[in-house]
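Below is one structure, written out as structure tokens; comments come after it.
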Amino acid sequence: MPRYSATAAGANIGASPSRVQRIPSISPSSMPASSSASRASFPYASSPNMGVSQRRWGAHSAVPLIAARRPFRMDAFISVAPAYAPARRSAPAACVRPSRWPSCATRMRIASLLPSATEIVFAVGAGDEVVGVSHECDYPEAARGLPVLTGPAVETRGLPQAEIDAAISSLLASGGSTYAIDVPRLRELRPDLVITQALCDVCAVSEGQVHRVVHEEQLGARVLTLTPLDLEGVARSIEEVGQATGRPAESARLAADLREPAMAAAASPSRPRVLALEWFAPPFTAGHWVPEQIARAGGEDVLALPGQKSERVTWDTVAASAPDVAFLLPCGLSLDEVVQEAATLAERPQWRALPAVRDGAVWALDANAWFSRPGPRLLDGIEALRAILADPTGDQPVPGARRLPAP
């Protein structure tokens, strides 16, 4: 999403296109001494040099943190799917794979280590070939019963945003990693293809972690790295997943939907000014593709530009933006959690003074469903925003969205 890419600790934002790489197998004797030592020290690939993953997870300094290098129980993680519109369904896609991949007569073994990739793989028709997913992969329903290959090194469920931010910043500054790969399980599953990302080190396991594990464990798997920065980048990611899984036709159709000119908002003499926040404590703008989603829905993002990373801003900057409508879409939080966190905003005079707040045009949104994950469901997010912007102060039912009353 619009991820927390501008953290004080410096998240790693990649601007390179998605890419597929084959990691050569190596023997333990051929590994540098440093690699052997690192492998012994970090059995779950939580190298302090690897960055971190998935949202701003952490804990207050008064809450004991789970060490990034400490093994964890993978069966302890529970993902709860939010309520949102059902995914688009299509007929099973025909398999057409490049010669370097397993033939279509052989079922590919895919490990998807980020939720958006899992959604794309299922959407193009290759879901029955997924053998493992991340702990955050909760959509579609079929993905929730698959073996889990990643997990958080720090538990943050139920913590306020300020405490999560403080803990993650501290962990990053100390060289820790907030996520880890279950190496034994990945080795057991022996995937042909591992899908990861290089967009944000606090959004999913880092690209470096994945390459290291695949290399050291001699898996011989290909690694597909996705780095979408905007809606066009998301469309390309869908096409690349389709090519890698042998479903180029279906992926081309899905990508075309994201590029559909009809999705662009009609010209309007007065487009509502929209504030989109993906974090409140401290405030972060919603970057990357979210400004485009807002534009296609008929609004104008007042603090962010398409394709640019999420940025930390001051509350004075938020106040100066004077939005007509405000969208609250924190990455990784359920709709109920967003509503609960939004209650703390009333303590800030800059927030109370916003035109959107005074007029009752503030909406809490389910970010995981429509905004955080760069996949086909971003289109559903555009439709949700369009319905809201048609009557920002109304009470029209929008799945996964809730209007907050004026103070």
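Which value in nm describes the separation of the simple spin-label points at residue 396 and residue 320, placed 7 Å from the Cα toward the beta carbon?
Result: 3.4 nm between the two label points.
Subtracting the Cα-Cα distance from 0.36 nm times the residue separation, let me have the gained length for residue 128 to residue 249 in nm, one decimal.
Numbers: separation 121, 0.36 × 121 = 43.56 nm, distance 1.75 nm.
Taking residue 128 through residue 249 to full extension adds about 41.8 nm, to one decimal.
Every read-out reported here was derived from the displayed coordinates using simple, explicitly stated rules and does not represent laboratory data. Source: prediction; values computed, not measured. All Cβ positions, even for glycine, are placed from backbone atoms using ideal geometry, and neighbour counts span all protein chains on display.
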